[in-house]
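The values are calculated or read from the model by the stated rules, or taken from the named source; none is laboratory data. This one's a predicted model, so the numbers in the text were calculated from it and none came from an experiment. Heads up, the Cβs are rebuilt from the backbone with ideal geometry, glycines too, and the neighbour counts pull from every protein chain shown.
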C-alpha cells in the first residue's frame, strides 16, 4: 500500500506523515521547488532521513497535474492507493483572494487531476468547517449546498474546493472538515500563531496587570469549535483506512464545543490570568438593526477607537467577527465511524495548559524581541536627571555600559564629574550638564544646550525629585514646602518633556520614563506634598501618552517603592525598615526602558490601589493606624541629632508594620 501526500511539510501534513510511517508502503511527498530543506527537516524529525520508503517529488499544486511531467505521471500510475490532498493556505487574516483561489481551489483541481491520472485508489480531501460559510444553526456532515454565502476569501475558497471534489472527482473520495486546529494535545507543538492564539498576548497583559482573583467583564459569543492536531490526524488516518466510507464527509470537530467566553476563560485558567466572571451575550447586539449597527461601526472615529483598542490588546480586528460565529457542527456520523477505535477528541480544558505553555516558551512574539538593555539603548541618546547619586547614578552606569550616549543632569557638578569619570573609565560615552530643575530659566538653558550638542533625546528619564515627610498639621505655616516640591517634581519634569518632545516627534518617536512613587498608589500619610506632586506628573503622563501613542512616543510611570538613597536620609527611622538599594531600583528603570510599559509598580502598590478602589473606608482606617504608629518629622521637635537618629525611635509595632508593607513610605 502506497501513499501520495501534498502539503506534507505543513503542520497537519507532517503529523499525518508520522502516522502513515507506522503503516507499510512507500510514501510519496509532493514539495515545491526550493522546499528541499523543509523535507529534510521533516524526515530528520521523523528519524527517517535515510529511509527508502520516502520519495520526494518536486511539483506545484497551482499547475496542471501538480506540475509533474508525463513521464513521472506514467511512472506513478497504479502505485498509489491513498492520495491525501492537504496542501492549502490556511489563513483567515492575511492571504489575499487570488492567492487563496489559486492554492485552495485550483490546487484542489490539479490534485484531483493527478490522482485520477495515476489511478489512485481513494482521493482524501482536507476541507474545513469554513465550507459551511456563515450558516446559522446546526450543520450536518451531509450538508453542502445549504452553506450560507460568505465574502471572506478563505471561506469562499474552501467551499469552492470541496464543491469541486463533490461534483468533479471521478475516483472514490472522502472529505474531512476539521474545526479550528490548534497544537498537539500532549506536546502543545504548533507551527504558527493563528485562531485562538491571537488572544494569548492579551491574556499575558492582563495577567501582568491584575491578580488572578480579579473579576473581569467580557463578551459571550457563539460556539468556537477547537480541535488539537493529533485528534485530527489520528481520526483522518483511521477513517481513511476503514472500508465502506467512500463518498462520505467527516466533521473532525469537538462534539462538546465551548462558547467564545468559555474558551477565553479556559485559556485564562491555563495562563493563570483573571477570569471573565461576567460575560455579556453578544446576541444583544442583534437587537440593533443591521443598517444602524454597520453604520455606527463604520464611522471613522468609532473604527479608529476600536482598532486602537484591539491593537493595544494585540488582537487582529478580523478576529472579532468570529466571536458571534453562528454555526454548530454535528459530528454524529464521524463519532459512529470512530467507535471502537479509541480515538476521541479531548476537552479543551484538558490540554489548554499544554498549548499555553508551548506558546509562551516558543511562539510568544516577545521572545523574538531583544529584551536586553543594550538592544534598547545602544547608539541612542539617554538623558537622566538627578544622575549624581542614588537611582539616577545607578541607571546612568548601566545605560552607559549598554552603549548609550548618556547625558547626566544634576545640581552638583562635583558628584556629576565623579559619575562621568567612572563611566568613561569603562569606555562609556557621557556628558554632564549642571542644572537646577526647580528653576524655569535653568530648565530652558539645559534644553537649549542639550539640543545644540545632540540635536535630540531618545529616552528622557525624569528621576530628579524632592521629598518632604511632614504631616499637614505641622505644615499649615509651610506652604512653601508644597510650592518647592511641586516646582521640582512636577513643573521641572514637565519642562523637560515639553523641551524635548518636538524633536522626539521629528525624529520618529521617543520614550519618557517618569520615576514616581508608590505613595501615589497607597496615599501615604505625611507625604501630602510629595505624593500630590508625583500624582500630578502621573496624570500628565497618562494624558500625553493618550495623545502621542500613535506617534510612537511612549510614557512609562514607575511607582517606585522606598529606596535607600540620600533623599530619605533625614528620616532616621527609615534605617530600621526594608528598602530597595539604588541598584535594585535602577533595574526597574532599565526594565521600563526595555519594555516601554505604561506603568511599572510592585505587587504591593497595585494591591494598595485596588484596596483603595474597592474598600476605601477600610483603607483609610489602615492608613490612619499607620499614621499614629510612626513617628513624625516635625522640625520644631528636632534637636541636634547624630546621623541615623530620628526625633523618636520607631516602636516595635512600627517596624513590624513597615516590614509587612514593604516599600511603602510611612
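Structure above, values below:
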item	result
Yes/no for residue 192 being touching a strand residue (DSSP E or B) at 6+ places or on another chain (Cβ under 9 Å), assigned to a loop (DSSP other than H, G, I, E, B) and surrounded by fewer than 16 Cβ atoms within 10 Å (Cβ to Cβ)	no
Hits in the stretch 40-54 - residues which are out of contact with any helix residue (DSSP H, G or I) (no Cβ under 8 Å at 6 or more places or on another chain), outside any helix (DSSP H, G or I) and surrounded by 13 or more Cβ atoms within 10 Å (Cβ to Cβ)	48, 53
Residue within the stretch 418-428 that is closer than 18 Å to residue 492 by Cα, surrounded by 20 or more Cβ atoms within 10 Å (Cβ to Cβ) and more than 29 Å from the chain's Cα centre (by Cα) present	no
Residue check, residue 76 touching a residue at least 24 places away in the same chain (Cβ under 8 Å) and either over 41 Å from the mean Cα position of the chain (by Cα) or closer than 16 Å to residue 157 by Cα (or both)	yes
Enumeration of residues in the stretch 443-477 that are part of a helix (DSSP H, G or I) and out of contact with any helix residue (DSSP H, G or I) (no Cβ under 9 Å at 6 or more places or on another chain)	445, 449, 452, 453, 454, 473
Exclusive hit being outside the structural domain of residue 463 (by TED's automatic domain parsing), buried (at least 24 other Cβ atoms within 10 Å of the Cβ) and either touching a helix residue (DSSP H, G or I) at 6+ places or on another chain (Cβ under 8 Å) or over 23 Å from residue 458 (Cα atoms) (or both), set 355, 407	355
Some residue of the stretch 31-51 being assigned by TED's automatic domain parsing to the domain that holds residue 85 and closer than 20 Å to residue 112 by Cβ	yes
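Residue by residue, here is whether (1) within 16 Å of residue 380 (Cβ to Cβ); (2) surrounded by 18 or more Cβ atoms within 10 Å (Cβ to Cβ) holds:
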| position | (1), (2) |
| --- | --- |
| 500 | yes, yes |
| 506 | yes, no |
| 509 | yes, no |
| 513 | yes, yes |
| 516 | no, yes |
| 520 | no, yes |
| 530 | no, yes |
| 538 | no, yes |
| 549 | no, no |
